[in-house]
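The values are calculated or read from the model by the stated rules, or taken from the named source; none is laboratory data. What you see is a predicted model; the values in this text were computed from it and never measured. Cβ: placed from backbone, ideal geometry, glycine included. Neighbour counts: every protein chain shown.
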Amino acid sequence: MTRKPRSRRQQEALYRFLVIGPLLHLSRKERSAEIARILKSPPRPPDGGAVPRLSKRTIQRWLETYRETEGDRLAALEPKVRKDWGKSKEIPPELLAESTALRAVSPRLSVKSILERIEHPKKSSTARRTLARSFLQAGYDRRDKRRRILERDGGGRRPVNWDLESWEADFPNALWQVDSTPSIWLAAGRHREKPVHLQLVNLIDDHSRLIVGGGFVEHLGVVDFLSLLVPAIARYGCPAMLFADQAKIHKSAIVTKGLPRLGGTVVFGTVGHAPGHGKIERLHQRAQDTLEEDLRRSPVDTVEEATRFHEIWREHEADEEHSQTHETPRARWSRIEGNARIPSADELTWAFRGEKDGARIDEVGAIRLHGRIYEAPASHRAGAPRKVRVRFDLLDRSTIWIEDDDGVHHACPLYRVRSHTERRTRHPAPETGLTFRSLFDDTTKED
């Protein structure tokens with residue numbers, strides 16, 4: 001009895017016919033001599049595989065089966081299939097049906113992920129290998145899985161020749177990687193007029209494989225990137241290096257000049273070479289197989305809801321044992337916990353604010369920046385124009401700051417026309433010490 005697939009059984013039937021073919025038209029004496037010769041030097045399988053173990057009784061049994069069969073004799077030479085083949089005695093039928101239905105709608109999910117997403121009292125005692133064999137018998141093998149994914153995604157993708165040589169940073173926070181990839185769609189509805197294709201951003205520590213930050217954004221810009229990077233630095237500290245690709249948001253002066261103020265630097269990968277040797281790319285694939293499959297099964301309406309799913313997913317991934325390091329990412333990163341320098345809120349505030357050298361203050365103390373006019377403080381006004389360094393917020397342009405060489409900042413509000421009453425200086429009347437009641441009080445009169 002066997003559980004081999006049909007293609008393998010047909011190959012074995014052809015080999016058995018190759019063995020008994022020379023014996024079909026021989027006499028009994030000649031057949032015994034030929035069997036002895038076959039046992040001494042058995043033929044090799046056509047596919048180049050290993051030669052199976054043969055015996056005289058086995059060859060005679062194959063010959064009898066072939067001669068006694070009236071129909072398809074070649075099919076009769078195939079190994080017999082067990083009657084209970086495809087029916088698992090170890091997996092409850094309800095669990096198998098629920099798992100198979102989930103595999104059909106979410107082919108990217110692994111067997112482990114499928115068991116995590118179903119509710120059954122015996123799922124903890126079900127072996128993943130047994131469930132995988134049941135999927136194979138039901139027709140959900142790896143080739144079928146790839147075919148279903150290609151059909152759903154609309155065809156194959158362009159292959160990229162990445163350099164995936166094994167390599168990692170020496171210690172946590174020595175190197176972070178950042179990358180983005182197209183992700184799920186948000187449907188049109190009460191939140192938006194047209195469907196939106198979200199971008200998934202992931203930040204990963206190279207040594208520990210810990211996902212330190214990330215989330216979903218609608219249109220990835222510098223502000224969106226900083227909204228994911230700054231919280232990660234505030235929680236885990238600033239990395240010594242940040243590997244990024246050649247995207248414009250990564251090459252922005254706010255990022256390339258802001259990270260060195262915290263003690264890090266931005267390093268760009270070359271074209272056709274994965275900066276982190278494929279770690280962030282494999283993380284994106286794992287996110288497609290788990291996180292995005294969950295979001296397709298339970299659609300969300302807003303980016304904030306999708307990002308909350310991402311937070312739960314990365315906390316779960318932090319406690320999963322990595323296949324290469326054989327440790328959990330959280331345990332690996334904890335080696336630097338307590339020694340990582342966490343920047344203060346004031347450092348983070350000023351590190352990633354825009355900067356412009358050579359801004360001009362004119363004779364009347366006006367600074368023109370981004371099409372607006374700001375008022376310089378009295379300490380920086382002079383009779384002649386002068387140039388200074390100014391800092392500005394990406395989101396709030398109502399105020400800019402002049403930064404001196406010693407790091408002191410001076411606020412410059414947006415200029416607006418003041419009314420006559422605001423410009424006039426009012427001097428308070430001198431106090432006389434008299435009150436209205438004192439004028440009519442007899443005790444205060446002079447004798």
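Here are the numbers for the structure shown:
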| quantity | calculated |
| --- | --- |
| Subset tally (residues that are part of a helix (DSSP H, G or I) and either touching a residue at least 12 places away in the same chain (Cβ under 8 Å) or in the same structural domain as Leu295 (by TED's automatic domain parsing) (or both)) for segment 110-119 | 6 |
| Residue within segment 152-163 that is hydrophobic (A, V, I, L, M, F, W, C) and at pLDDT below 75 present | yes |
| Test: Asp301 is more than 30 Å from His191 (Cβ to Cβ) and surrounded by fewer than 18 Cβ atoms within 10 Å (Cβ to Cβ) | no |
| Pair list, Cβ under 9 Å, 6 or more apart: segment 245-262 residue closer than 20 Å to Ser180 by Cα, other residue basic (Lys, Arg) | Ile254/Arg353 |
| Test: residue in segment 228-249 that is at pLDDT 90 or above, charged (D, E, K, R), buried (at least 17 other Cβ atoms within 10 Å of the Cβ) and assigned by TED's automatic domain parsing to the domain that holds Gln288 | no |
| Residues (more than 16 Å from Gln199 (Cα to Cα), assigned to a helix (DSSP H, G or I) and touching a residue at least 40 places away in the same chain (Cβ under 8 Å)) located in segment 295-330 | Arg297, Arg314, Glu317, Ala318, Pro329, Arg330 |
| Identity of the residue in segment 289-323, polar (S, T, N, Q) and touching a strand residue (DSSP E or B) at 6+ places or on another chain (Cβ under 8 Å), that ends up farthest from Phe225 (Cα to Cα) | Thr302 |
| Residue match in segment 134-149 (condition: at pLDDT 75 or above, assigned to a loop (DSSP other than H, G, I, E, B), touching a Lys or Arg at 6+ places or on another chain (Cβ under 9 Å) and more than 30 Å from Arg308 (Cβ to Cβ)) | no |
| Residue that is surrounded by the most Cβ atoms within 10 Å (Cβ to Cβ), among those in segment 180-194 that are small (Gly, Ala, Ser) and outside any strand (DSSP E or B) | Ala187 |
| Test: residue in segment 286-294 that is at negative phi, surrounded by fewer than 15 Cβ atoms within 10 Å (Cβ to Cβ) and touching a residue at least 60 places away in the same chain (Cβ under 8 Å) | no |
| Listing of strands (runs of 3 or more DSSP E) fully contained in segment 195-276 that carry 2 or more residues being closer than 27 Å to Gln324 by Cα and more than 18 Å from the chain's Cα centre (by Cα) | 265-268 |
| Members of segment 383-404 found to be modelled with pLDDT under 85 and surrounded by fewer than 12 Cβ atoms within 10 Å (Cβ to Cβ), listed by number | Gly383, Ala384, Leu395, Asp396 |
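Residues checked against (1) surrounded by 15 or more Cβ atoms within 10 Å (Cβ to Cβ); (2) without any contact (Cβ under 8 Å) to a residue 60 or more places away in the chain; (3) not assigned by TED's automatic domain parsing to the domain that holds Asp294:
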| position | (1), (2), (3) |
| --- | --- |
| Arg103 | yes, yes, yes |
| Arg108 | yes, no, yes |
| Pro121 | no, yes, yes |
| Phe135 | yes, yes, yes |
